[in-house]
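The values are calculated or read from the model by the stated rules, or taken from the named source; none is laboratory data. This structure is a prediction, so every number in the text was calculated from the model and none was measured. Every residue, glycine among them, receives a Cβ derived from its backbone with ideal geometry; neighbour counts consider all protein chains shown. Note: accessible area is taken over every heavy atom of the protein model, side chains too, but ligands, DNA and RNA are not part of it. Shrake-Rupley method; radii C 1.70, N 1.55, O 1.52, S 1.80 Å.
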Amino acid sequence: MPNKIDGVCFKNMVDFAVRNLNKHVKTVNKLNVFPVPDGDTGTNMVTTIHKGLLSVDDSVKDLSSVSKKFAHSIVFEARGNSGVIVSQFLKGISEKFYDVDVADPALFIEALEKGVQYAYSSVATPVEGTMLTVMKDATNAVKKEFTQDQTINQVIDSFIKHAKVSLEHTPELLSVLKETGVVDS
């Protein structure tokens, strides 16, 4: 991956996220116990992100246009609580790219921060121990560790590493997870 995110790269990142989440959708659905154990968290997230991705025409290549089209569509296609939260996280990230041709690692971290703000604001009463906490913890850790010589890949790898650590701690923050023996989806 290049060290700058352009429109094609951004679309490819979203596409990879959809394909990867789709591989694990059944597992994520089984983790779904909060706020309601309805078993559709993974399905809602993958459907929401995929619908947003489908809205971006292959002829659109600049980051500003891709991010605007994606952000607009993903919000209108959000399904369920998890879909709304993930759509707002991705909308916040996308909005940070509205007026740029490319995003470097520092701007990408700012975009993650904006995504966390949007995700938290999408929930009337945010609850720690949920995907909100994971998004926030991973973003804060990435920001804290960031050095100017880091690449986009290093930022993403760090985000994933810290998200996994945060995820493992979600049962300590939300008793229903501890009682059912799962982490938050």
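Values as computed for the structure displayed
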quantity	calculated
Residues within segment 123-161 that are assigned to a loop (DSSP other than H, G, I, E, B) and of a type outside the set (G, A, S), tallied	12
Boolean, V56 is under 23 Å from F108 (Cβ atoms), outside any helix (DSSP H, G or I) and either within 15 Å of the chain's Cα centre (by Cα) or at pLDDT 90 or above (or both)	yes
In segment 75-109, the residues that are modelled with pLDDT of 95 or more and farther than 28 Å from K144 by Cα	none
Evaluation of F146 against (1) closer than 21 Å to F10 by Cβ; (2) more than 13 Å from the chain's Cα centre (by Cα); (3) crowded, with 18+ Cβ neighbours inside 10 Å; (4) of a type outside the set (V, I, T) (one fails), failing number	(3)
Breaking point among (1) in contact with an Asp or Glu (Cβ under 8 Å, 6 or more places away or on another chain); (2) within 21 Å of D15 (Cα to Cα), for Q154	(1)
Unmet requirement for A106, which otherwise passes all of (1) part of a helix (DSSP H, G or I); (2) open to solvent by 40 Å² or more (accessible area, probe 1.4 Å); (3) over 18 Å from V46 (Cβ atoms)	(2)
Subset of segment 49-63 (residues that are in contact (Cβ under 8 Å) with a residue 24 or more places away in the chain and either out of contact with any helix residue (DSSP H, G or I) (no Cβ under 8 Å at 6 or more places or on another chain) or of a type in the set (D, E) (or both))	D62
Residue match in segment 69-79 (condition: surrounded by fewer than 17 Cβ atoms within 10 Å (Cβ to Cβ) and not aromatic (F, W, Y))	yes
